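Colleague: Would you mind keeping the following structure in view while I ask a few things?
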Amino acid sequence: MSDYLWWRDGVIYQIYPRSFMDADNDGIGDLSGITQKLDYLQDLGIDAIWLSPVYLSPDVDFGYDVVNYREIDPKYGGMPAFDKFLQAAHQRNIHVIMDLVLNHTSDQHEWFQQSKLSKDNFYRDWYIWKKARNGGKFPNNWKSRFGGSGWEWDHATEEFYFHMFFKQQPDLNWRNPKVVDEILDMIKFWLDKGVDGFRLDVFNAYYKNINFADNPFKLGITKFDQQNHINDSDQPEMFDFLQKFRQLLDSYPERYSVGETFMGDHHTAAKYVGDQALHAAFDFSFINGRYKASSFYKSIQQWEDVLDQKGWPNYFLNNHDDPRSATRYTRSEDDERLKVLATLLLTLRGTPFLYYGEEIGMRDIPVLRKSDVLDPVGRHFWPFYKGRDGCRSPMQWNADPYAGFSEHEPWLPVHANHEWRNVESQQHEQNSLLNYYKKIIKIRKTTPALQKGMYLPITYEPHKILAYTRQTSQQTALIALNFSKKNVGLILSSQFVTGDWTLLISNKRDSLPPIRDRKIMLAGNEALVILQG
Ligand code: GLC
């Protein structure tokens, strides 16, 4: 397609580098491993990789605590491995999106090491330091998302510093122009290297209320949720930064940015999308939704409404922080529901994001004992919340003892189902989920209506069918998804009954279903995509 724009018309695939492929057999995935698997990704049909952080990090939060933004961690192969990976990806027309973790650094970062030395250190004001309130109390009521107060006392200099996440992740002071300048310079460093875009970790938390006012109370489960976070996130100053950031990006061809909207809904996300702001921001409602036609219908509709056909949505069913969709939505090892979801994700108006292993229906590994938990968030909240290890297990390439991920025992266990649920076996099985993903990605990319067409809902019945069209002036694609186990009839309005339809894909049939009395019968768990024009 001549006006093809990779981040709008393509498919983005998130890789959690620790868990994708371990080329040097130390039990931790690495960049050479990813490079080895680029042919697989090209064959799958993706256009871009979003890499979770690979910068130098002590891994308190597995890469989301950065020690040096300009260095690649040696455990991932250092800068030489990154350069090779980037070049090899570009050779295959695969774009690369880096994760930028800029709300906080690691406490091991040189800036913080300096900052805590003394109150008059050059870097003191690069972080958020505050005196105790009368009698040694916390400066205000702000909490850490990962448990406890957000304030940590520093004995040496007798002040608190703020951390939205772990105490080993001190928040940067974004009101200091030197911080902003340094960060923009660092971003330029990656742009000059040829990186194609960035995912901004918890971007809407960068700026905090200038007066450090308390957050008001609201109902919630954790202490953190019991606050309305109006003062420790979403401050108006963020837009000034985004403008500068976007100007920098736009001075290079076809660069992209997507923000991880922290604690916000679709309204919050949409606020940050625009020509002077981000290209896209995540809305988490698919992750939080239920396996019901009405739940997905509502999420899509609110995203469409708030972006008002002008903005470009994005959709994802998985990421590295939440239980996998296969675990959320299926109890068995059956993949039919996952084919329905794949069809949904890849036929909507908006950029689809996949998460490694989703294409073979990977399930979360069970997390049974606290002593096995590696994610510190899981250890903190055990047993109410068991952390994020479940969705981060090694990619299942084959049936070998370590699933073809490594020859060494991996950092997290491989799922027991890897013996039969793996890439190799699914490549050979015609009706596998992997082959279904491949096929539907290809269909999306070769069908203008599915790539660029308007989204128009036809109908939804809460537990049953979700049906919509995607339309350009030349083509109409009709998508009908049966969320129930039973056969269900979809009644079509007269405009759809006339004309010639062709079958694009179905997980239940090889030829067009009959349309009788304006009705199409869908089999249980059927996903059907047909095309006119
Ligand atoms: C984001 C990341 C998560 C990380 C947190 C703190 O939510 O997705 O993995 O723990 O930010 O950086």
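Colleague: Under a 1.4 Å probe, what is the accessible area of the range 1-138 per residue, stated in Å²? Intermediate values should be presented prior to the final figure.
Modeller: On the way: 5090 Å² over 138 residues.
On a per-residue basis, 37 Å².
Colleague: Whole-Hz Karplus ³J(HN,Hα) for the range 49-65, in order, using 6.51 cos²θ - 1.76 cosθ + 1.60 and θ = phi - 60°, x for Gly and Pro?
Modeller: These are the phi-based 3J(HN,Hα) values: 10, 9, 8, 4, x, 10, 6, 4, 7, x, 6, 4, 10, 6, x, 7, 9 Hz.
Colleague: Could you do me a favour and compute the accessible area per residue for the range 223-343, 1.4 Å probe, result in Å²? Could the numbers behind the result be given before it?
Modeller: Values: 4770 Å² over 121 residues.
Heavy-atom accessible area per residue stands at 39 Å².
Colleague: For the range 136-237, what class follows from the C-alpha gyration tensor (a ≥ b ≥ c being the square roots of its eigenvalues): rounded when a/c is under 1.5, otherwise prolate if a/b is larger than b/c, else oblate? Walk me through the numbers before you get to the answer.
Modeller: Numbers: a/c = 2.13, a/b = 1.61, b/c = 1.32.
The shape class here is prolate.
Colleague: For the range 367-453, rounded, prolate or oblate, judged on the Cα gyration tensor with a ≥ b ≥ c (square roots of eigenvalues), a/c < 1.5 rounded, else prolate if a/b > b/c?
Modeller: Numbers: a/c = 3.44, a/b = 1.63, b/c = 2.11.
Since a/c reaches 1.5 but b/c is at least a/b, the shape of the range 367-453 is classed as oblate.
Colleague: Given contacts defined as C-alpha pairs under 8 Å and at least six residues apart, what's the relative contact order of the range 74-179, whole-number percent?
Modeller: Details: 143 pairs, mean separation 26.2, N = 106.
It rounds to 25 percent for the range 74-179.
Colleague: Right, something else. Amide H of D171 versus every other amide H placed in the peptide plane: which residues, excluding those fewer than 5 positions away on the same chain, fall under 5 Å?
Modeller: It is I128, F162, H163, M164, by chain and number.
Colleague: Hey, another quick one. With axes computed from alpha carbons, what is the tilt in degrees of helix 78-91 against the longest principal axis of the chain, rounded to the nearest 10 within 0 to 90?
Modeller: Once rounded, the angle reads 30 degrees.
Colleague: Among DSSP beta bridges lying fully in the chain, give the percent that are antiparallel, nearest 5. Mind dumping the intermediate values first?
Modeller: Details: 43 of 68 bridges.
Looking only at bridges with both residues in the chain, the antiparallel portion is about 65 percent.
Colleague: For Cα pairs less than 8 Å apart in space and 6+ apart in sequence, what is the mean separation divided by the residue count of the range 412-533, i.e. the relative contact order in percent?
Modeller: Numbers: 199 pairs, mean separation 25.4, N = 122.
It comes to 21 percent, rounded to a whole number.
Colleague: Would you list which aspartates and glutamates come within 13 Å of K178, measuring only between C-alpha atoms, while excluding same-chain residues fewer than 8 positions from it?
Modeller: D125
Colleague: Holding the Cα-Cα limit at 18 Å, pick out from K37/K339; K137/K218; K143/K223 the pairs that are longer than that.
Modeller: On the way: K37/K339 24 Å; K137/K218 22 Å; K143/K223 7 Å.
Over 18 Å apart, Cα to Cα: K37/K339; K137/K218.
Colleague: In whole percent, and with a 1.4 Å probe on the protein chains, what portion of the accessible area of the range 287-348 is carbon and sulfur?
Modeller: Numbers: 960 of 2240 Å².
Of all accessible area on the range 287-348, carbon and sulfur atoms account for 43 percent.
Colleague: I would also like to ask the following. Filter the chymotrypsin sites (Phe, Trp or Tyr not before Pro) in the range 249-353 to those in DSSP coil with at most 16 other Cβ atoms within 10 Å of their Cβ, and list the result. Numbers along the way, then the final one.
Modeller: Numbers: sites: Y256, F262, Y272, F282, F284, F286, Y291, F296, Y297, W303, Y315, F316, Y329, F353; in loops: F262, Y272, F282, F284, Y291.
Here the chymotrypsin sites (Phe, Trp or Tyr not before Pro) that fit, given the DSSP loop and packing criteria, are Y291.
Colleague: Still on this structure: Any idea how far the Cα center of the range 391-440 sits from the one of the range 180-214, in Å?
Modeller: 35 Å
Colleague: Name the long-range amide H neighbours of S149: under 5 Å, sequence gap of 5 or more, or other chain; modelled H, no Pro or chain starts.
Modeller: Residues meeting the criterion, in which the H sits 1.01 Å from N, are S144.
Colleague: Spin-label point model (7 Å from Cα, Cβ direction): what's the D240 to Q114 distance in nm?
Modeller: 2.3 nm
Colleague: Taking a probe of 1.4 Å, how large is the accessible area per residue of the range 402-533, in Å²? Intermediate values should be presented prior to the final figure.
Modeller: Details: 6410 Å² over 132 residues.
Accessible area per residue: 49 Å².
Colleague: Now, a different point. At 37 °C and a viscosity of 0.692 mPa s, what translational diffusion coefficient does Stokes-Einstein give for the range 302-429, taking Rh as the Kirkwood radius over Cα pairs? Give it in µm²/s as a whole number. Numbers along the way, then the final one.
Modeller: On the way: Rh = 16.1 Å.
Translational diffusion coefficient: 203 µm²/s.
Colleague: Turning to a different aspect of this structure: Could I get the Rg over Rh figure for the range 145-196? Both from C-alpha atoms, Rh via Kirkwood, rounded to two places. Walk me through the numbers before you get to the answer.
Modeller: Numbers: Rg = 15.2 Å, Rh = 13.2 Å.
Rounded to two decimals, Rg/Rh equals 1.15.
Colleague: Can you return the lysines within cross-link range of K386? Criterion is Cα-Cα under 17 Å, with same-chain partners fewer than 8 residues away left out.
Modeller: K370
Colleague: Full-extension gain between L184 and E158, please, as 0.36 nm times their residue separation minus the C-alpha to C-alpha distance. Spell out each step's value before the answer.
Modeller: Details: separation 26, 0.36 × 26 = 9.36 nm, distance 3.14 nm.
So the chain would gain 6.2 nm between L184 and E158.
Colleague: Counting other Cβ atoms within 10 Å, which GluC sites (Glu not before Pro) in the range 333-391 have at most 11 and lie in a DSSP loop? Can you show the working numbers first?
Modeller: Working: sites: E333, E336, E358, E359; in loops: E333.
Passing both the DSSP loop test and the Cβ count: E333.
Colleague: Count the lysine pairs in the range 387-533 that are 8 or more places apart or on different chains: how many have C-alpha atoms under 17 angstrom apart?
Modeller: 10
Colleague: How long, wide and thick is the chain, going by the Cα atoms along their three principal axes, in whole angstroms, largest first?
Modeller: 79, 49, 47
Colleague: Just want to confirm a number: the relative contact order over the chain, from Cα pairs under 8 angstrom separated by 6+ residues, in percent. Intermediate values should be presented prior to the final figure.
Modeller: Details: 1099 pairs, mean separation 63.9, N = 533.
Once normalised by length, the contact order is 12 percent.
Colleague: Mind putting a number on the dipole of the range 145-270 about its Cα centre? Charges go on the C-beta only, +1 for Lys and Arg and -1 for Asp and Glu, and I need it in Debye to the nearest 20.
Modeller: The dipole magnitude comes to about 180 debye.
Colleague: Which aspartates and glutamates, if any, have their Cα less than 18 Å from the Cα of K310, not counting same-chain residues under 8 positions apart?
Modeller: Leaving aside aspartates and glutamates fewer than 8 places away in the same chain, those within reach of K310 are D3, D9, D275, D283.
Colleague: Compute the helix-to-body angle for 433-446: its Cα long axis versus the longest principal axis of the chain, expressed 0 to 90° and rounded to tens.
Modeller: With both axes taken from Cα atoms, the answer is about 80 degrees.
Colleague: Per the 1.4 Å probe, what fraction of the accessible area of the range 86-207, in percent, lies on carbon and sulfur atoms? List each step's numbers first, then the result.
Modeller: Numbers: 2080 of 4700 Å².
On the range 86-207, the fraction of accessible area on carbon and sulfur atoms equals 44 percent.
Colleague: What residues have an amide H closer than 5 Å to that of G197, excluding those fewer than 5 places away on the same chain, when H is modeled at 1.01 Å from N in the peptide plane?
Modeller: Long-range HN contacts for G197: V96, M98, Y256.
Colleague: How far is helix 293-307 tilted, in degrees, relative to the longest principal axis of the Cα atoms in the chain, given as a value from 0 to 90 rounded to the nearest 10?
Modeller: Tilt of helix 293-307: around 60 degrees.
Colleague: Taking all protein chains in place and a 1.4 Å probe, what share, in percent, of the accessible surface of the range 426-533 do carbon and sulfur account for? The partial results should precede the final answer.
Modeller: Numbers: 2520 of 5250 Å².
So the carbon and sulfur contribution to the accessible surface is 48 percent.
The values are calculated or read from the model by the stated rules, or taken from the named source; none is laboratory data. This is a predicted model, so every value here is computed, not measured. Positions of Cβ are generated from backbone atoms using ideal geometry, with glycine treated the same way; all protein chains shown enter the neighbour counts. The protein model used for the area step is the full one, side chains on, heavy atoms only, and it has no ligands, DNA or RNA in it. Shrake-Rupley method; radii C 1.70, N 1.55, O 1.52, S 1.80 Å.
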